[in-house]
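The structure under discussion appears below in the form of structure tokens.
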Amino acid sequence: MAAWSSLPADLITHVTDGLLATDDIDYYIDLRAVCHSWRSSTADPKTSGNPRFQLRQWAMLDEVYQSDARLFVNTSTGRFVRKDLSLLRRSYFVVAGAGGSSIVLAERASPHAARVLNPFTGSLQALVGGIYAAAREPGLFPSRLVTEAQKILDLLPCTEELVNCLCFLVESVGEMLLVFKLQHRFGVFKIDPASDLLVPVKDIGSRALFVGGCRCLSVDAELFPSVEANCIYYVIDEPLYDICIYSLKDEKLVVAGGAIDYFNPHTLSPLACPPFTVVQLLCSYTFELRGSELRWEKMFTQLSGMDKELFARLTEELSAYDCESDDDY
């Protein structure tokens, strides 16, 4: 250990630069724990304001609800990590996921101050500023992205086929792609900065796009088993939740199997049973969005203040509905 602890600082920096380039912050933290010399030669990610310690390439897959564990995937390396975040139950409500798998929290004590948690470093920061994401329902919240998004939408060709289609924005290898779900196919475009025109994209190489109503994701298919390159993954919800794959090369759409539906087990496809595949987990990230625990807590508090007979009757009706749903499936 004496020889390892005497490594030059510039060599240690070279190693840590490589780890941070792929967002492997957990490996960086493990390296700092080896010895005092390595720790003193590197910055503490929990207290440093260096933006390199902000998560950019991780996604949190809400695959475990009944525990404090969360499953994360590094989209640049294909590595999965499960972390136990006991802090969530002790002091905070989970409000929402943020970019790069950071987590927006609210203190359990009123007035429920908002914090942003880096799940790898454990750092907590106060949530300040305006709203930086467009609302799913138009007109609910002001958004600092609306103006820029409208500029992109203004570039769309006015064709009858695009009028009633779904549109998704996907960042992929530094490019912003527009993915259109048409009736029997998908269309992909990118913005040509020189001409301010949308250019059709027929080939995305080794990338695979996962699109959905909540979030979108671009991954390198070579890093993820069973993910097909140059394809678009999308989940349909009728009659059951199924995963569809559209090949840009063959221009064919196929149903690949059942998707995960965490929130309503009665509509869970019989083909989607644990253990889940990589494709199922990545698809669930795009269309499953976990609700705010603070919102649920407030709702239950209001319910507990209701008339006891009314509350008991509502509970009985919900239980009866669940039983009927069980019989249907």
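Considering the Cα positions of segment 58-126, please state its Rg to one decimal place and its Dmax as a whole number of Å.
In Å, with Rg to one decimal and Dmax whole: 12.0, 40.
Past the 13 angstrom mark, what percentage of all C-alpha to C-alpha distances in segment 4-48 do you count? Mind dumping the intermediate values first?
On the way: 491 of 990 pairs.
So the portion of pairs separated by more than 13 Å is 50 percent.
Would you work out what percent of the accessible area of segment 4-48, with all protein chains in place, is carbon or sulfur (probe 1.4 Å)? Before the final figure, lay out the partial values.
Numbers: 1500 of 2500 Å².
Carbon with sulfur: 60 percent of the solvent-accessible area.
Taking R0 as 35 Å, what's the FRET efficiency between V34 and A109 from their Cβ-Cβ distance, rounded to 0.05? Don't skip to the answer; put the middle values down first.
Values: r = 38 Å, r/R0 = 1.09.
After rounding, the FRET efficiency stands at 0.35.
Pull out a ≥ b ≥ c, the square roots of the eigenvalues of the alpha-carbon gyration tensor of segment 1-96, then state rounded if a/c is under 1.5, prolate if not and a/b is larger than b/c, and oblate in the remaining case. Spell out each step's value before the answer.
On the way: a/c = 2.32, a/b = 1.91, b/c = 1.21.
Prolate shape, in that a/c is at least 1.5 and a/b is the bigger ratio.
The values are calculated or read from the model by the stated rules, or taken from the named source; none is laboratory data. The shown structure was predicted, so the numbers you read here are calculated from the model rather than taken from an experiment. As a convention, Cβ positions derive from the backbone with ideal geometry for all residues, glycine included, and neighbour counts pool all protein chains shown. For accessibility, only protein heavy atoms count, side chains too; no ligands or nucleic acids. Shrake-Rupley method; radii C 1.70, N 1.55, O 1.52, S 1.80 Å.
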